[in-house]
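What follows is one structure encoded as structure tokens, with my remarks underneath.
The values are calculated or read from the model by the stated rules, or taken from the named source; none is laboratory data. Note that this is a predicted model, so its numbers are computed, not measured. Here the Cβ positions follow ideal geometry from the backbone for every residue, glycine too, while neighbour counts run over all protein chains shown.
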Amino acid sequence: HEWNDLVRSDVKLIFPNPNTSGNARDTYLAAWGAADKADGGDKAKTEQFMTQFLKNVEVFDTGGRGATTTFAERGLGDVLISFESEVNNIRKQYEAQGFEVVIPKTNILAEFPVAWVDKNVQANGTEKA
């Protein structure tokens with residue numbers, strides 16, 4: 001499965017709203033980048049792809065956890081788009097549902113910032129972790 005499968009008329013997507021979620025902004029950029037690469041940089045074709053991609057979104061939740069709940073617990077959508085780093089948590093939490101994990105060939109790297117607060121680290125004794 002690849003990004004082009006997500007613009008088929010029979011496929012409904014679940015992912016957070018790009019206006020409220022960093023997860024969703026990265027999803028949007030990954031889809032745009034994949035379409036742009038597949039279309040050889042043809043902006044009109046990429047925009048057409050993105051229009052259909054967004055039309056296929058059944059629910060725009062405010063965040064990633066809400067999107068997971070909508071997909072896994074409410075049973076909406078055919079595809080949940082999330083970070084690869086979330087896959088193991090989702091599979092463990094909803095193991096009985098046997099979700100298939102697909103990582104497309106064309107993707108983006110989304111790095112998560114980490115803050116080290118000396119006072120908190122010292123209070124929790126987590127410096128060596």
- Name the single residue, out of those in segment 24-42 being over 20 Å from the mean Cα position of the chain (by Cα) and among the charged types (D, E, K, R), that is surrounded by the fewest Cβ atoms within 10 Å (Cβ to Cβ). Asp42
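Considering Gly64, Gly77, which residue is surrounded by 15 or more Cβ atoms within 10 Å (Cβ to Cβ), in contact with a Phe, Trp or Tyr (Cβ under 8 Å, 6 or more places away or on another chain) and on the phi > 0 side of the Ramachandran plot?
Answer to the selection: Gly77.
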- Task: Please list, ordered by first then second residue, the pairs with beta carbon atoms under 7 Å, 6 or more apart or interchain, first in segment 102-127 and within 15 Å of Gly22 (Cα to Cα), second part of a helix (DSSP H, G or I).
- Result: Ile108/Asp26; Ile108/Leu29; Ile108/Ala30; Ile108/Gly33; Ala110/Asp26
- Which one is nearest to the chain's Cα centre (by Cα), of the residues in segment 92-129 that are within 19 Å of Arg74 (Cβ to Cβ) and surrounded by 10 or more Cβ atoms within 10 Å (Cβ to Cβ)? Phe99
- Kindly provide the set of residues from segment 90-113 that are hydrophobic (A, V, I, L, M, F, W, C) and modelled with pLDDT of 85 or more, ordered by number. Ile90, Ala96, Phe99, Val101, Val102, Ile103
- All helices (runs of 4 or more DSSP H) inside segment 1-97 with 2 or more residues being under 24 Å from Phe112 (Cα atoms) and without any contact (Cβ under 8 Å) to a residue 60 or more places away in the chain: 22-38, 64-72, 84-93
- Query: Of everything in segment 43-91 that's over 16 Å from the mean Cα position of the chain (by Cα) and polar (S, T, N, Q), which residue is nearest to Val11 (Cα to Cα)?
  - Reply: Gln52
